[in-house]
Amino acid sequence: MAFIRAKSIALQQRAYQVMPLGVNSNFRYWGDGITPYMESAKGAYLWDVDGNRYIDYRLAFGPIILGHAFDEVDNMVIEEIKRGALGAMTSELEVALVEMIVDMCPAVEMVRLACSGTEATMHAARVARAYTGREVLLKFEGNYHGFQDYTLWSTYAPAEAYGNRLSPIPVPASSGIPRHLRDLIITLPFNDFEALERTLRSYGEQIAAIITEPCQGNCGAIEPQAGFLEYIREQCDRYGIVFILDEVKTGFRIANGGAQEYYKIKPDMATYAKALGNGYPIAAFGGKKEIMSIIGQGVAQGGTFNNNKAGVAAAFATLSLLREKPILKTIAERGLRLMGGLKEIFEENGIQVFFSGPPAMFSFAVGVDKVTCQRDWNLSDQEYTLRLAEAAIERGVMPDHDPREPWFLSYSHSDADIDETLNVYAEIVKIVERH
Ligand SMILES: Cc1ncc(COP(=O)(O)O)c(C=O)c1O
């Protein structure tokens with residue numbers, strides 16, 4: 001079927017009248033006349049309002065771990081919400097869900113639920129501040145921890161704005177972030193052992209928490225260098241800093257126990273959302289009992305929708321399936337085949353490429369031989385990667401329009417989907433020219 005955009009364009013014009021940029025998240029706007037609008041999704045596929053079908057590698061920015069509209073999850077959600085969608089009262093299912101999270105995640109002894117990744121990181125940061133009696137957070141350039149003002153610094157800015165790596169400048173990612181918060185954030189290049197050591201020597205005793213994504217799920221899936229997460233762990237112990245691992249993208253995706261299991265690292269606290277509920281709104285943050293149990297002891301945390309039945313039931317069903325079947329192993333095998341196939345296509349065409357990330361959420365950077373932090377990644381040929389993505393989308397394969405976003409796989413992506421994807425890339429890598 002020919003690729004058409006007429007209905008998406010018309011809906012965009014209508015949406016412009018009532019929603020800024022015609023969308024409900026800046027990240028969903030790709031540009032005028034090229035932003036797709038969704039009709040439906042099932043399994044590994046998503047259809048736009050024009051009837052174009054895509055093999056979906058965006059998966060709603062990562063949550064869809066089993067597949068879109070996955071029957072076992074949806075059926076449990078429907079059953080639960082028929083018995084009341086929400087109550088200001090704790091249910092047995094909630095307790096059972098949290099028991100399962102504690103059981104699956106090696107460093108997590110106690111949990112509180114929330115509705116989004118942003119809330120999870122915001123709550124975790126407050127608890128860390130309360131626990132240490134300190135106020136400063138340290139984060140790494142290129143990491144994204146949600147839309148809260150405290151950490152929305154040095155996420156997507158051009159590397160030039162970050163200054164010299166010996167003394168990085170925290171750059172707010174939006175107007176409207178209070179400038180006073182600049183005093184409460186330190187930003188450093190990811191994987192820079194020396195910068196971390198030097199910074200902690202000066203400021204270690206003022207820092208409440210080091211928060212990091214285990215691999216940079218919002219910047220080319222850049223992996224931690226050997227020993228980097230362990231170095232953070234060691235330094236946190238040395239200076240009495242809380243180590244928060246933001247597993248909003250990696251949790252229940254790269255291993256049943258998330259990055260803690262995959263990279264064998266024990267943070268003090270961790271945050272979850274996305275794959276936890278296979279697309280339903282649910283999040284969690286947790287960690288050591290000693291830290292988490294200060295909640296309620298002069299430390300505030302709450303939220304009307306934190307125990308919404310749809311999210312809780314979806315998470316219970318999703319985690320149960322992850323435990324019963326080799327789901328993440330299957331995803332990893334298919335992801336590895338996709339990564340390998342794409343790498344071969346680039347190499348056969350003489351294109352330098354660097355692949356990174358676990359197979360369930362991987363990325364590639366063109367025109368560079370190694371990427372260890374956002375400053376390196378910014379040197380890659382993003383314009384070419386974007387034009388490749390646009391050509392793929394017109395042929396029914398949908399990676400994200402933003403090359404910083406990883407390719408996400410679900411349990412519903414079949415070997416045939418991987419083959420189709422590789423065929424499309426084999427074709428377009430020959431057609432799309434690098435400038
Ligand atoms: C690592 C990380 N933390 C936090 C968030 C924020 O999650 P949410 O969009 O659910 O608020 C995201 C979202 O992409 C994320 O990738």
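Coordinate-derived values only; no laboratory data. Model, not experiment: these values are computed from the prediction. No Cβ is skipped: glycine too gets one built from the backbone with ideal geometry, and neighbour counts run over all protein chains shown.
A few notes on this one:
- Computed per residue of the chain from DSSP H runs no shorter than four, each worth -39500 (n - 2.57), the mean residue ellipticity at 222 nm is -11000 deg cm²/dmol.
- Over all orientations, the stretch 71-324 has a Cα convex hull whose mean projected area works out to 13.6 square nanometres.
- Charge dipole (the stretch 225-350, unit charges on Cβ, about Cα centre) - positive-most of 291, 314, 227: 314
- In the chain, Cα pairs under 8 Å separated by at least six residues give a relative contact order of 21 percent.
- When you restrict to C-alpha pairs under 8 Å that are six or more residues apart and normalise by the size of the stretch 166-284, the relative contact order lands at 19 percent.
- Neighbour cut-off at most 13 other Cβ (10 Å), DSSP loop, GluC sites (Glu not before Pro), the stretch 347-394: none
- Looking at the chain, the pairs of alpha carbons with a distance over 41 Å make up 13% of the total.
- Remark: for residue pairs 249/343; 274/309; 42/249; 325/370; 7/42; 139/370, the C-alpha separation exceeds 28 Å in 325/370.
- Residue 38 paired with residue 92, simple spin-label distance in nm, labels 7 Å along Cα-to-beta-carbon: 3.4 nm
- Separation of alpha-carbon centers, the stretch 247-266 and the stretch 400-435, rounded to whole Å: 25 Å
- Placing +1 on the Cβ of every Lys and Arg and -1 on the Cβ of every Asp and Glu, with nothing else charged, gives the chain a dipole about its Cα centre of roughly 800 debye.
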